[in-house]
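A.B. asks: Next up is a structure, given as structure tokens.
The values are calculated or read from the model by the stated rules, or taken from the named source; none is laboratory data. In this text, all values refer to a predicted model and were calculated from it rather than measured experimentally. Cβ coordinates were reconstructed from backbone atoms using ideal geometry, including for glycine residues, and neighbour counts include every protein chain displayed. Just so you know, the surface numbers come from the protein's heavy atoms only, side chains and all, with ligands and any DNA or RNA stripped out. Shrake-Rupley method; radii C 1.70, N 1.55, O 1.52, S 1.80 Å.
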Amino acid sequence: METNNSMDFATRQIHVGKEPDQYGALVPPIYMTSTFESVTPQYAYSRISNPSLTVVEKKMASLEGGEAALATASGMGAISSALWTALNAGEELVSSDTVYGCTFSLLKEHLPRFGVKVTFVDMTQVENVVKALTDKTTVVYLETPCNPTLKILDIAAICKAVHAYNPAIKVIVDNTFNSPYVQTPLALGADVVVHSATKYINGHGDVLAGFIVGKEDFLQKCRVIGLKDMTGSVMSPMTAFLVARGLKTLDVRMEKHCANAMKLARFLQGHPAVEKVNYPGLEDFEGHEIARAQMKLFGGMMAIELKGTREQIGEALKKFKVCTLAVSLGDAETLVEHPATMTHSTYTAEDLKAAGISEGMVRISVGLEGIDDLIGDFKAVLDTLI
Ligand code: 7XF
């Protein structure tokens, strides 16, 4: 069928990117090929482009509201390909102080090795961002909600302030925690969106994948410089097929992730072993009003602060029967992890403190199971802490 961007999200997630097939196949075939005979200028070698990847690139561009998208092998592949494309030695990047652990390592340890200065600030205060900008700043980088604390940053206010300082600065937003069904940063003024599609976009925990979305000219540079020449972080055609399959149900999955998360957050708020629940949907959560304005739903991620020593909490986390103690997020299975020792182990004790990641913090990616089974599992585990 023919699609256009005025169609419903649900229609686009299923139909955008499909081309008429010679045999009338309902599902686009997997083009498992590295090279192409010179029959069309569009495809020459699969490190640059491949028809199976084109399908998911068109879908992601449409769902995020961007001119173009680029598929990559992982979220880190997307982030590194975008940053290697955007940055030059001698330039500066301003980052949120709370980002995924490997992104933090790339920004703090590795970009400086190539002559890029990186400054970390608490972006809940927009003036902190503005104060950190200089005439050498070319990129501002953030995630919201932040991994793992769920801190909410005001995308529109940050983009407005940064672009008022210098419209050429690229604001790059990692939209992994929300997916485009919940939040579309480009519509709020961001220049580029990056994704770990390993999470909600694919949604089934069976691939690593990533995307960059934004303006056609920057995306073309990401393709032929960042991806082709620098990272080689190319998505495989098999992965593209699985991502296209996962994307067909993104909206219904997100609705249930978010509904389950809201109910679990309310239960956890009332449990005596829980000090605090960081969930954007709770009225008393710091970023609730901004979340309400920039997110369609409140997401499937939360972080809780537990009472007890590190040893007690460690022992309790081993007792889940329905949930799984594991990193990653956005899967059908509920995943529970300890950021200080798992996803954010690249942070020093000082960095953890600055980002508000405590020893007692446990992050939850709320899955698609029955909510009563999830609540029962949490109750049994948390009761061991009181
Ligand atoms: O390269 P990946 O597909 O694993 O994606 C990297 C990545 C990028 N942005 C955000 C906001 C992420 O959360 C991730 C991956 N995070 C997982 C997690 O926090 O559980 C990775 C497991 S160590």
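A.B. asks: Just the number please: accessible area per residue for segment 232-279, 1.4 Å probe, all protein chains included, in Å².
C.D. replies: Ligands and nucleic acids excluded, the figure is 37 Å² per residue.
A.B. asks: Related question: Could you state the angle between the C-alpha long axis of helix 250-269 and the longest principal axis of the C-alpha atoms of the chain, as a value from 0 to 90 degrees rounded to the nearest 10?
C.D. replies: 10
A.B. asks: For His204 and Lys228, calculate 0.36 nm times their separation in residues minus their Cα-Cα distance, and state this gained length in nm to one decimal.
C.D. replies: 5.9 nm
A.B. asks: Return one number: the angle in degrees, 0 to 90 and rounded to the nearest 10, between the long axis of the Cα atoms of helix 51-64 and the longest principal axis of the Cα atoms of the chain.
C.D. replies: 60
A.B. asks: Quantify, in whole percent, the carbon and sulfur part of the accessible surface of segment 103-255 (1.4 Å probe; protein heavy atoms only).
C.D. replies: 55
A.B. asks: Also: Can you give the Rg and Dmax of segment 270-386 based on its C-alpha atoms, in angstrom?
C.D. replies: For segment 270-386, the Cα radius of gyration and maximum Cα-Cα distance read 14.2, 39 Å.
A.B. asks: Oh, and also: Take every Cα pair under 8 Å in segment 1-96 that's 6+ residues apart, average their separations, divide by the length, and report that relative contact order as a whole percent.
C.D. replies: Relative CO of segment 1-96 lands at 21 percent.
A.B. asks: Add +1 for every Lys or Arg and -1 for every Asp or Glu among the other residues with Cβ under 15 Å from the Cβ of Leu282, and state the total.
C.D. replies: Spelling it out: positives minus negatives among the neighbours equals -1.
A.B. asks: For segment 1-94, with all protein chains present and a 1.4 Å probe, just round the carbon and sulfur fraction of the accessible area to a whole percent.
C.D. replies: For segment 1-94, the apolar C and S fraction of the accessible surface comes to 54 percent.
A.B. asks: With a probe of 1.4 Å, find how much accessible area segment 1-56 has per residue, and write the answer as a whole number in Å².
C.D. replies: Dividing the accessible area of segment 1-56 by its residue count gives 68 Å².
A.B. asks: Still on this structure, please answer the following. Accessible area per residue of segment 91-150 at 1.4 Å probe, in Å²?
C.D. replies: It amounts to 36 Å² per residue over segment 91-150.
A.B. asks: With angles folded into 0 to 90 degrees, how steeply does helix 371-383 sit against the dominant principal axis of the chain? Use alpha carbons for both and round to 10.
C.D. replies: 50
A.B. asks: For the chain, what is the per residue volume of the convex hull drawn over the alpha-carbon atoms, in cubic angstrom?
C.D. replies: Measuring per residue, one finds 135 Å³ for the Cα hull of the chain.
A.B. asks: Principal axes first, then extents: for the Cα atoms of segment 125-238, list largest minus smallest coordinate on each axis, whole Å, largest first.
C.D. replies: 44, 32, 21
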